[in-house]
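What follows draws every value from the coordinates through simple rules; no lab data is involved. For clarity, every value in this text was computed on a predicted model and none was experimentally measured. So basically every Cβ, Gly included, is an ideal-geometry build from the backbone, and we count neighbours across all protein chains shown.
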Amino acid sequence: MGFSSSARSGLHLTCDVLVLGGGPSGTWAAFEAARTGARVVLADKGFCGTSGATAPSGTSIWYVEPDPKLRAAAIVSREALGGFLADRAWSARVLETTHAALHELGARGYPFPVDGAGNPIRVSLQGPEYMRLMRKLAKGAGVRILDHSPALELLVDEAGAVAGARGIRRQQGDGWQVDAGAVVIATGGCAFLSRALGCTALTGDGHLMAAEAGADFSGMEFSNAYAIAADFASVTKTLFFKWATFTDEAGEVIPGAASNGGRSVIARHLQKGRVFARLDRADAAMQANMRAAQPNFFLPFDRMGIDPFRDRFPITLHLEGTVRGTGGLRIVDETCATRVPGLYAAGDAATRELICGGFTGGGSHNAAWAVSSGRWAGRAAAEFGRRAPNGRVRWGAGTAGLRDAGARPFDPAEAARTVVGEVHPFDRNYFRTEEGLTRSLDRLDSQWARLSASAPADGTNVLRAREAAAMTAVARWMYRSALARTESRGMHRRIDHAAADLAQRHLLTAAGLTEVSVSHRPAPPLAADAVEQRSGEGIAA
Amino acid sequence: MIELISAARCTGCNICVAACPTNVFAPSLSGPPVIARQADCQTCFMCELYCPEDALYVAPTAGAPLGLASEADAPLPLGTYRAAIGWTPATAANRSVDAMHAVLSAK
Ligand SMILES: Cc1cc2nc3c(=O)[nH]c(=O)nc-3n(C[C@H](O)[C@H](O)[C@H](O)COP(=O)(O)OP(=O)(O)OC[C@H]3O[C@@H](n4cnc5c(N)ncnc54)[C@H](O)[C@@H]3O)c2cc1C
Ligand code: SF4
Ligand code: SF4
């Protein structure tokens, strides 16, 4: 394969395509790139196959048979929820590519359940099974996988093109460098260290690395997804709470509380006291279906001796940030290229506004996007990477936590706590106001200034330092965008601007590290049959 | 949160050391790996799925371990999750059991 290694920095490899992140989008990108004959390396912070938001969970996926009527209905049905920001042409491409990918998965051994007539049902993927297979497919296609090897910074060449990355091998205690022709950022969303299932590794590292190389973002105001979970547990599955009755401490039903369209009522109650749920609206058949749909949902209950269909249990809302939000790296064309040459983005790291506007709802879209964007980015990166010139001079683009810019390193744990304190609270992030956002931004901006004027973090702290820096940067793009959108649309909800504003049916670009700037771009033209309603529409609680 | 490794069951294969996405375990030269960074555990249950011996137990509480002293204290036998998803030879048929479509299409 032409890999060379040198003992000096640990591992030194050369390849055509480097994929950062080994969730669905990263593995699809790597698999696709390798199939074109490119030399591919995939580096994951954790273990490719168990890390990220999909691996431990059950995933419903946007799969629609190629009947034009069904496809059109699937696309149109979600437009209002997303605040009329999605693009029909992109949605159609994603449905087509996802459909083909799921058929291929079945052919390569994914054990889809079958209906009465023996036909596979392809609307859901079990995370452990899916990601074990994706690892196998990527390896089988010749991808070299580096586990427990978080990337810390991108490498750029003289012309400003991205030409590789550098990171650490945390089980070997040394470093790695990969000189690549092109890089795919597939590091997932940013969930700010919340307890949501599978989100610990998702701290926005790829966002920061890409921004340091010059990439920008779209839709970062759509970044406040909160999911329902039992308050002791990590497993979130808001969908199942469709069958719940929500009660307060005294056992009284909370009026208006619901998993969809009433989640804000739950958040309001949680600000004052505990909220309880019981899935008592599921009949025996549905109970059995739920168990057969997602065994991991029941693990925490079974192990606590709680019967969620009969017993009341306390619930909470876990922040899922941009993981189930829709904002991320801005894509400039159909290959999922960013605005930086040689740099591509896929999955949750990229914006998903193209297919679901400002709201992902119960899911499905993100999983389909991960598959499709991964395939496109992988293919395009392979083509770009193979043509990239050899023998380029490369240097690290990283900033805070890596560069010698001050007398002392910063404390990563403290920096992380500061960000968490600004993004987790409902009164900051769920129910947004100009006052709250501005106050948070003051703290986040000064934190960024402090982090970028520090000494480099030492070996054992460097990953945590970069994670804290990344979360700080992501929170700033989020809140600057949220401040600029003086209306409520999609999941973005402004208490001081409660209605949607027709004049703001546009997309927001956020860019910059030292100074964050926000500008707007036109949304895709409204289709003749999509009638925007001024108030209420596109606001989902 | 990861709670215990059963020394009686563990063969020291170190698969969990590789498979844990948050690098919670450290290998030991002889015997079971150690839970070296328990606070980093994200309660994802993946280690239970990858352990071929059902030697691990992850407590359901995400914030803190329950403080179980040994396997005998676990409320359920070890390995229930692996069996449920069909990753044991005896339960392989479960791999293709998935009723999510029925949940999704319910009104
Ligand atoms: C509980 C839960 C349930 C969900 N259910 C659904 C659903 O039913 N339907 C749906 O459509 N979507 C669902 N989603 C969203 C879906 O999981 C994501 O859209 C999907 O996982 C995105 O894939 P990805 O590959 O982009 O990111 P991920 O799967 O999150 O993978 C990102 C990978 O990047 C790695 N990484 C991070 N930082 C670095 C770094 N510095 N260097 C190297 N690697 C790094 C991580 O270790 C991880 O492996 C759910 C999310 C959650 C949290
Ligand atoms: S995977 Fe299981 S058997 Fe292997 S070392 Fe870990 S606990 Fe022991
Ligand atoms: S539950 Fe997940 S994070 Fe915790 S030890 Fe097991 S694999 Fe690692």
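Table for the structure above
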{"read-out": "Gyration tensor verdict on region A:156-281 (Cα atoms; rounded if a/c is under 1.5, prolate if a/b is larger than b/c, oblate otherwise)", "value": "prolate"}
{"read-out": "Positive dipole terminus of the protein assembly as shown, leading residue within A:Cys336, A:Thr509, A:Thr433 (C-beta point charges)", "value": "A:Cys336"}
{"read-out": "In Hz, Karplus ³J(HN,Hα) per residue of region A:318-326 (6.51, -1.76, 1.60; θ = phi - 60°; x = Gly, Pro)", "value": "8, 5, 10, x, 8, 4, 10, x, 10"}
{"read-out": "Virtual spin-label span in nm between A:Thr460 and B:Ser105, 7 Å along Cα→Cβ", "value": "5.6"}
{"read-out": "Dipole moment magnitude, nearest 20 debye, region A:225-319 about Cα centre, only Lys, Arg, Asp, Glu C-beta charged", "value": "220"}
{"read-out": "Descending Cα extents along the principal axes, chain B, whole Å", "value": "51, 31, 26"}
{"read-out": "For the protein assembly as shown, size of Cβ-based charge dipole, Lys and Arg +1, Asp and Glu -1, in debye", "value": "600"}
{"read-out": "Karplus 3J(HN,Hα) series, Hz, for region B:66-83 with 6.51 cos²θ - 1.76 cosθ + 1.60 (x for Gly, Pro)", "value": "7, x, 6, 7, 7, 3, 5, 7, 5, x, 10, x, 5, x, 5, 5, 4, 5"}
{"read-out": "Relative packing of peptides B:8-14, A:216-222 - highest average C-beta neighbours within 10 Å first", "value": "A:216-222, B:8-14"}
{"read-out": "Sum of -39500 (n - 2.57) over DSSP H runs of 4+, divided by residues of chain A (222 nm, nearest 500)", "value": "-10000 deg cm²/dmol"}
{"read-out": "Efficiency of FRET between A:Lys272 and A:Arg450 - r from beta-carbon atoms, R0 22 angstrom, step 0.05", "value": "0.05"}
{"read-out": "Amide H contacts under 5 Å for A:Leu42, placed H, 5+ residues apart", "value": "A:Val19, A:Arg144, A:Ile145, A:Leu146"}
{"read-out": "Estimated FRET transfer efficiency (A:Glu65, A:Lys136; beta-carbon r; R0 35 Å; 0.05)", "value": "0.80"}
{"read-out": "Charge dipole magnitude, Cβ of K and R +1, D and E -1 - region B:2-76, Cα centre, debye nearest 20", "value": "180"}
{"read-out": "Relative contact order computed over chain A (Cα-Cα under 8 Å; 6+ residues apart), in percent", "value": "21"}
{"read-out": "Modelled FRET efficiency - R0 41 Å, A:Ala107 with A:Ala503, Cβ distances, 0.05 increments", "value": "0.25"}
{"read-out": "Exposure proxy order (Cβ contacts within 10 Å, fewest to most) of A:Leu42, A:Leu95, A:Leu526, A:Leu329", "value": "A:Leu526, A:Leu95, A:Leu329, A:Leu42"}
{"read-out": "Extension gain, A:Arg291 back to A:Ala527 (0.36 nm per residue minus Cα-Cα distance, nm)", "value": "80.9 nm"}
{"read-out": "Chain B: relative contact order in percent, alpha carbon pairs under 8 Å with at least 6 residues between", "value": "27"}
{"read-out": "Two-decimal Rg to Rh for region A:225-319 - Kirkwood Rh, Cα set", "value": "0.93"}
{"read-out": "Proxy reagent accessibility, fewest Cβ within 10 Å first, across A:Ile75, A:Ile266", "value": "A:Ile75, A:Ile266"}
{"read-out": "Peptide A:295-305 - average C-beta neighbours from other chains (10 Å radius)", "value": "6"}
{"read-out": "Kyte-Doolittle at least -1.0, axis length at least 27 Å by Cα - qualifying DSSP helices, chain A", "value": "A:88-107, A:365-387, A:462-484"}
{"read-out": "Ranking of A:Val393, A:Val64 by count of other Cβ atoms within 10 Å, fewest first", "value": "A:Val393, A:Val64"}
{"read-out": "Gained length - A:Arg310 relative to A:Asn260, 0.36 nm times residue gap less alpha-carbon distance", "value": "15.9 nm"}
{"read-out": "For the protein assembly as shown, the spread of Cα positions along each principal axis, largest first, Å", "value": "67, 65, 54"}
{"read-out": "Over 32 Å between alpha carbons, listed pairs A:Lys69/A:Lys136; A:Lys136/A:Lys237; A:Lys45/A:Lys237", "value": "A:Lys69/A:Lys136"}
{"read-out": "Gain in span if fully extended, A:Ala92 to A:Glu334, counting 0.36 nm per residue against the direct Cα distance", "value": "85.9 nm"}
